[in-house]
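Before any comments, here is the structure.
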């Protein structure tokens, strides 16, 4: 067992009880991985292209929950599991989607002896925030600017500085946050977040607004960022009269799946090209010409495959280059 993304092969834990195509999300990352999920009497695993990427003993799972999360263009039920690393005792979190999710939930509850928590745990409207219960995954609540403004007004000078910094920058390491508020130690920053900002957000918004992630994809820079505090902004919906596409990229192991929506269906697929590590979608020669450039998280071949365009939704795959 590794309890993390890795490259061992084979199925551990005896005969496979459940196996299906599914999607896997290490919650320290931002991209869904598309492949195969498996469950044995002893382990849960995920593989891509017959290569095992993750495996955890069921005995290491400390909690399970069902959450609604965004997946491509929809919100889907996701099983999120909390597990403990045997070498350090640290807790980590992963999520997965599979067909017939009810069967997976039933088997996991039976095999682990743990109940599945459904939906976000309610927070009291007033009074101190309760201590997080072991095994319940608490995700950061995406926020709008006016919500940050309200929280900053109640969080004190140091809390307001942290909130506005993360609103503008999206993420920051603890060194930057300590310098921002002139904190003597990192523990002062952690105390401010864990006992000040996030409990306040739980009372006001129903969940924490700052989350520490070991690894996450930054759409602004196109890079994977490690070991930083993040704030998630509410996505601004595309207006009905806008023609700028909304683009999402998902990792399938040996390829990237790209899904783009064009609210105003022009009747033909946008022009697709790959230049300097970026995906470029463009509509030219039309009354409302547009183009959008999206950073790619790895090196890919320039020619897309599996291109479809239906009802204003473009889907394509970009094969990764060796070493990408």
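Run residue 149 past the list (1) at pLDDT below 90; (2) buried (at least 20 other Cβ atoms within 10 Å of the Cβ); (3) part of a helix (DSSP H, G or I) and report the number of the one that doesn't hold.
(2)
For the range 163-197, how many residues are in contact (Cβ under 8 Å) with a residue 60 or more places away in the chain and either closer than 15 Å to residue 152 by Cβ or part of a loop (DSSP other than H, G, I, E, B) (or both)? Break it down stepwise before answering.
Here is the first cut: in the range 163-197, the ones in contact (Cβ under 8 Å) with a residue 60 or more places away in the chain are 163, 166-167, 170-171.
Pick out the ones that are also either closer than 15 Å to residue 152 by Cβ or part of a loop (DSSP other than H, G, I, E, B) (or both) and you get 163, 166-167, 170.
Residues in the range 163-197 being in contact (Cβ under 8 Å) with a residue 60 or more places away in the chain and either closer than 15 Å to residue 152 by Cβ or part of a loop (DSSP other than H, G, I, E, B) (or both): 4 in total.
I'm trying to understand the selection: among the residues of the range 81-101, which are closer than 18 Å to residue 23 by Cα and loosely packed, with under 15 Cβ neighbours inside 10 Å?
Of everything in the range 81-101, those that are closer than 18 Å to residue 23 by Cα and loosely packed, with under 15 Cβ neighbours inside 10 Å turn out to be 99, 100.
Check off (1) under 25 Å from the mean Cα position of the chain (by Cα); (2) in contact (Cβ under 8 Å) with a residue 40 or more places away in the chain; (3) farther than 13 Å from residue 210 by Cα for residue 151 and give me the number that stays unchecked.
Checking residue 151 against (1) under 25 Å from the mean Cα position of the chain (by Cα); (2) in contact (Cβ under 8 Å) with a residue 40 or more places away in the chain; (3) farther than 13 Å from residue 210 by Cα, the one that fails is (3).
Which one of these is surrounded by fewer than 19 Cβ atoms within 10 Å (Cβ to Cβ) and either under 19 Å from the mean Cα position of the chain (by Cα) or over 12 Å from residue 107 (Cβ atoms) (or both): 19, 51? Write out each step before concluding.
Details: 19 fails: either under 19 Å from the mean Cα position of the chain (by Cα) or over 12 Å from residue 107 (Cβ atoms) (or both).
After ruling out the rest, the residue left standing is 51.
State whether one or more residues within the range 130-141 are over 15 Å from residue 232 (Cβ atoms), exposed (fewer than 14 other Cβ atoms within 10 Å of the Cβ) and modelled with pLDDT of 90 or more. Before the answer, list the steps.
Applying the first criterion (over 15 Å from residue 232 (Cβ atoms)) to the range 130-141 yields 130-136.
Then drop every residue that is not exposed (fewer than 14 other Cβ atoms within 10 Å of the Cβ), which leaves 130-131, 133-134.
Next, only the ones that are modelled with pLDDT of 90 or more stay: none.
No: zero hits.
Could you check, for the range 107-118, whether at least one of its residues is part of a loop (DSSP other than H, G, I, E, B) and either under 16 Å from residue 45 (Cβ atoms) or touching a residue at least 60 places away in the same chain (Cβ under 8 Å) (or both)?
Of the range 107-118, the ones part of a loop (DSSP other than H, G, I, E, B) are 113-115.
Restricting the remaining residues to those that are either under 16 Å from residue 45 (Cβ atoms) or touching a residue at least 60 places away in the same chain (Cβ under 8 Å) (or both) gives none.
Among the residues of the range 107-118, not one is part of a loop (DSSP other than H, G, I, E, B) and either under 16 Å from residue 45 (Cβ atoms) or touching a residue at least 60 places away in the same chain (Cβ under 8 Å) (or both), which makes the answer no.
Yes or no: residue 169 within 13 Å of residue 229 (Cα to Cα) and either modelled with pLDDT under 90 or in the same structural domain as residue 90 (by TED's automatic domain parsing) (or both)? Break it down stepwise before answering.
Working: within 13 Å of residue 229 (Cα to Cα): yes; either modelled with pLDDT under 90 or in the same structural domain as residue 90 (by TED's automatic domain parsing) (or both): yes.
Yes.
Report whether or not residue 268 is in a loop (DSSP other than H, G, I, E, B), farther than 30 Å from residue 197 by Cβ and modelled with pLDDT under 70. It would help to see each step written out before you state the result.
Details: in a loop (DSSP other than H, G, I, E, B): yes; farther than 30 Å from residue 197 by Cβ: yes; modelled with pLDDT under 70: no.
Answer is no for this residue.
The values are calculated or read from the model by the stated rules, or taken from the named source; none is laboratory data. Since the structure is predicted, the reported quantities are computational estimates derived from the model, not experimental observations. Heads up, the Cβs are rebuilt from the backbone with ideal geometry, glycines too, and the neighbour counts pull from every protein chain shown.
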